[in-house]
Amino acid sequence: MSRRSKPAKRVPLADPVYNSVDVSKFINRVMRRGKKSLAERIFYATLEKIKERTNENPIEVFQKAMTNATPLLEVKARRIGGSTYQVPIEVKADRGFALASSWIIASAKKRGGKSFVEKLTNEILDASNGQGASCKKREDTHKMAEANKAFAHYRY
């Protein structure tokens, strides 16, 4: 195991429109092949559609969706004495945000619809209401952690 110190966390700059680091992180997750301007266009169009449909602040809807999709527990495989146990561990805030954003994007891609903007809009609205595939993924993760609670003493 490396004895070097851990590198400093790099936080991306806040996005210019909403001045939010979370939005900037989410845009970076949406981005493919380095096309950031396209990812920004997609995400800002999604927020405009959310504003049209709900007449609420789209950033609050987005934050609520991220909160509803963020897991608190997950399982990690740990090998002890020749057998592998699924050990439940708590999820740190950064990892939780990363998991939630990747789940929302992945479930939006699997949805039916015309454009990715439409799919992402529907997924964020569903996640903010506590529904949708990303919230189901969170519930499944929590159920898995609950089922393996007996192995919590192997936590590291």
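Quick notes on this one:
- The single residue among Pro71, Pro58 that is more than 17 Å from Ser134 (Cβ to Cβ), surrounded by 17 or more Cβ atoms within 10 Å (Cβ to Cβ) and not aliphatic (A, V, I, L, M) turns out to be Pro58.
- Just one of the listed residues (Lys114, Lys137) is among the basic types (Lys, Arg) and surrounded by 14 or more Cβ atoms within 10 Å (Cβ to Cβ), and it is Lys137.
- Residue list for segment 97-156, restricted to those being in contact (Cβ under 8 Å) with a residue 24 or more places away in the chain and basic (Lys, Arg): Lys137, Arg138, Lys149, Arg155
- Selection within segment 85-105: residues that are among the hydroxyl-bearing types (Ser, Thr, Tyr) and part of a helix (DSSP H, G or I). The member of this set that is surrounded by the most Cβ atoms within 10 Å (Cβ to Cβ) is Ser101.
- For segment 111-137, a tally of residues being farther than 21 Å from Phe43 by Cβ and in contact with a helix residue (DSSP H, G or I) (Cβ under 8 Å, 6 or more places away or on another chain) returns 1.
- Test for Val11: is it in a loop (DSSP other than H, G, I, E, B), within 18 Å of the chain's Cα centre (by Cα) and farther than 30 Å from Met144 by Cβ: yes
- When the test is whether a residue is at pLDDT 90 or above, more than 12 Å from the chain's Cα centre (by Cα) and part of a loop (DSSP other than H, G, I, E, B), Gly130 passes it.
- Counted residues, segment 78-123 - those being hydrophobic (A, V, I, L, M, F, W, C) and modelled with pLDDT under 90: 1
- Selection within segment 68-92 - free of Cβ contacts under 8 Å to residues at least 12 places away in the same chain and not charged (D, E, K, R): Ala77, Gly81, Gly82, Ser83, Thr84
- Selection within segment 106-127 - aliphatic (A, V, I, L, M) and either within 17 Å of Glu139 (Cα to Cα) or assigned to a loop (DSSP other than H, G, I, E, B) (or both): Ala106, Ile124, Ala127
- Residues within segment 20-67 that are in contact (Cβ under 8 Å) with a residue 40 or more places away in the chain and either assigned to a loop (DSSP other than H, G, I, E, B) or within 24 Å of Asp94 (Cβ to Cβ) (or both), tallied: 15
The values are calculated or read from the model by the stated rules, or taken from the named source; none is laboratory data. Remember, it's a predicted structure, so these values are computed and weren't measured experimentally. Don't worry about glycine lacking a Cβ; one is built from the backbone with ideal geometry, like all the others, and counts go over all protein chains shown.
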